[in-house]
Amino acid sequence: MTIEPPDLAHEDCRKVSRVLARVGDKWTLLIVMLLRDGPRRFNEIKRMIGGISQRMLTLTLKGLERDGMVTRTVFPTIPPRVDYELTDLGRSLSQPVLELGQWARAHIPEIDAAQARFDHRQED
């Protein structure tokens, strides 16, 4: 029986946690789903995602770009036009995100009922 050194297993967990923190962020999920249909401009993304601040959108897009999931293309127009588009890596993420969203929608009634039961027990 072979056992991995604890440091290696711990390091793998830390790396996976970093990736899951990025892709599990609520704004990342919405942006990935919006970009699934093709490139979009910054203000178009902002309009389509209700409640996101300009700063949070900027930070999320930069994080996705840094992680290799989004490309940022600047067109030399006046004013400059900037498009954001999923890379192959980002597109590969969109399918599991879509499936997770479908799972969530399908199970919302069960989750709502479980939360109501839990909350009711907490009141007693």
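Listing for the model above:
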{"quantity": "Near pairs, Cβ below 9 angstrom, 6+ apart or cross-chain, from the stretch 100-124 (under 21 Å from Val23 (Cα atoms)) to any residue that is not polar (S, T, N, Q)", "calculated": "Leu100/Leu29; Gly101/Leu29; Gly101/Met33; Ala104/Ile111"}
{"quantity": "Top-ranked residue of the stretch 79-91 - restricted to ones that are touching a Ser or Thr at 6+ places or on another chain (Cβ under 8 Å) and either among the hydrophobic types (A, V, I, L, M, F, W, C) or touching a residue at least 60 places away in the same chain (Cβ under 8 Å) (or both), ranked as farthest from Thr28 (Cα to Cα)", "calculated": "Val82"}
{"quantity": "Filter pass, Val97 being of a type outside the set (Lys, Arg), at pLDDT below 95 and in contact with a Lys or Arg (Cβ under 8 Å, 6 or more places away or on another chain)", "calculated": "no"}
{"quantity": "Ser94 surrounded by 10 or more Cβ atoms within 10 Å (Cβ to Cβ), touching a residue at least 24 places away in the same chain (Cβ under 8 Å) and among the small types (Gly, Ala, Ser)", "calculated": "yes"}
{"quantity": "Complete set of residues in the stretch 67-124 that are in contact with a strand residue (DSSP E or B) (Cβ under 8 Å, 6 or more places away or on another chain) and basic (Lys, Arg)", "calculated": "Arg72, Arg81"}
{"quantity": "Scope the stretch 86-124; condition part of a loop (DSSP other than H, G, I, E, B) and under 30 Å from Asp67 (Cα atoms); matching residues", "calculated": "Thr87"}
{"quantity": "Helices (runs of 4 or more DSSP H) contained entirely in the stretch 20-78, each with at least 1 residues that are surrounded by 15 or more Cβ atoms within 10 Å (Cβ to Cβ), of a type in the set (Phe, Trp, Tyr) and touching a residue at least 12 places away in the same chain (Cβ under 8 Å)", "calculated": "26-35, 42-48"}
{"quantity": "Selection status of Glu110, modelled with pLDDT of 95 or more, exposed (fewer than 10 other Cβ atoms within 10 Å of the Cβ) and of a type outside the set (Val, Ile, Thr)", "calculated": "yes"}
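The values are calculated or read from the model by the stated rules, or taken from the named source; none is laboratory data. Note that this is a predicted model, so its numbers are computed, not measured. Using ideal geometry, Cβ is built from the backbone for each residue, glycine included, and neighbour counts are taken over all protein chains shown.
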